[in-house]
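As structure tokens, the structure follows; a few thoughts come after it.
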Amino acid sequence: MNMKHARITVLGLGAIGRTLARTLLEAGREVTVWNRTPGKAGDLVSRGAREASGVGEAIEAGGLTVACLLDDASVRETLAPVLPAFTGGPLVNLTSGSVRQARELARWLDGHGVRLLAGGVLAVPPTVGTEAASVLYSGPRDLFDRVAPALSPVGRPHWVGEDPGFASLYDMAALSGMYGMSAGADHAVALVHAEGGDVEAFKREVLQPWMEQMLAIIAGEADVSVSVPEEYNAAMQATGLENMISASGEAGVPAELSGHLRASLWRMRRAIAAG
Ligand code: FVH
């Protein structure tokens, strides 16, 4: 595949699909787009994309098809009518879903002679196409080697194994880490706000530097065992977490916002019980 002029079809023009198509166009790829609801191709067409009026037409135009839709059901709904006559080369699925869904999708496509490279975008719309972005892929290594360079402008390609479920697995797990940080930050801000603190100064001067200091430790020391390292004393942490949950309640912060504290408290109590 000639990378610079690779023909790529993008199915789905939501927040990520649109940014992805624009990034590929800017990198010189020949891009055809399709979206269930027409009228979303707007500036992409003025930048050189071709807008297909149907899924079959879109797939036929590309040497490679990228699906970036809402969920697994939307991918199946989109592909089902065109699969029996699919002539568009491999499919790269950048739609989030579960491990089981990805494995079943690979089997379903294989039954129609279509090879799947499963994927997961580790980027948000403003970071797609930047140095920070990466894209997880799993599935046949030869397929990854062949198609990932064409999609590399979107984000650094990172192959995580032959199992088509693994891109979804790592994607979901990474998103879980992100939502944990996000829940913690939202709760922190809610607490400061509820007690009359200066939220902007708190975020800038306290929260962000603290989270940056802890990030490598949190990710590096995340662990599946029951125990907690001695220097992080499970009993001390359990008492601290109970205090934080009480302080949050006293401030009138909704209990739902402190779910992450309850998860950590559960973990500390389990470590204490296990001795
Ligand atoms: N946006 C983000 O920050 C995250 C970043 C990490 C990856 N996720 C996943 O990426 C997939 C697409 O996300 P998105 O942000 O582009 O999603 P939306 O803006 O909501 O667009 C959804 C598109 O899916 C189309 N669609 C929905 N249902 C169907 C269906 N039954 N048949 C065909 N297409 C469907 C929708 O079309 P329309 O509503 O405009 O007609 C949009 O094109 C997603 O898996 C994230 O989890 C995003």
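Checking each residue of the range 116-123 against the condition of being at positive phi and surrounded by 14 or more Cβ atoms within 10 Å (Cβ to Cβ) gives no match.
Of all the residues in the range 246-275, those that are under 19 Å from residue 196 (Cα atoms) and surrounded by 17 or more Cβ atoms within 10 Å (Cβ to Cβ) number 4. Any residue in the range 86-96 that is aliphatic (A, V, I, L, M), within 22 Å of residue 152 (Cβ to Cβ), within 12 Å of the ligand (Cβ to nearest atom) and surrounded by 19 or more Cβ atoms within 10 Å (Cβ to Cβ)? Scanning the range 86-96, I find at least one residue that is aliphatic (A, V, I, L, M), within 22 Å of residue 152 (Cβ to Cβ), within 12 Å of the ligand (Cβ to nearest atom) and surrounded by 19 or more Cβ atoms within 10 Å (Cβ to Cβ), so the answer is yes. The listed residues are 41, 80, 49, 21, and the only one of them that is more than 14 Å from the ligand (Cβ to nearest atom) and either more than 24 Å from residue 167 (Cα to Cα) or of a type outside the set (Lys, Arg) (or both) turns out to be 49.
What tally of residues in the range 111-129 results from selecting those that are more than 16 Å from the ligand (Cβ to nearest atom) and farther than 20 Å from residue 160 by Cα? Spell out the reasoning first.
From the range 111-129, those more than 16 Å from the ligand (Cβ to nearest atom) are 111-115; that's our starting set.
From what is left, the residues that are farther than 20 Å from residue 160 by Cα are 111-114.
Here the count works out to 4.
Taking the listed residues 161, 196, 113, the one that is at positive phi, loosely packed, with under 14 Cβ neighbours inside 10 Å and without any contact (Cβ under 8 Å) to a residue 24 or more places away in the chain is 196, with no other qualifying. Inclusion of residue 6 among residues that are of a type outside the set (Ser, Thr, Tyr), crowded, with 19+ Cβ neighbours inside 10 Å, under 25 Å from the mean Cα position of the chain (by Cα) and within 23 Å of residue 77 (Cβ to Cβ) is not warranted.
Readers should treat all values here as calculations from the given coordinates under stated rules, not as data from a laboratory. None of the values given here were measured: they were computed from a predicted structure. Positions of Cβ are generated from backbone atoms using ideal geometry, with glycine treated the same way; all protein chains shown enter the neighbour counts.
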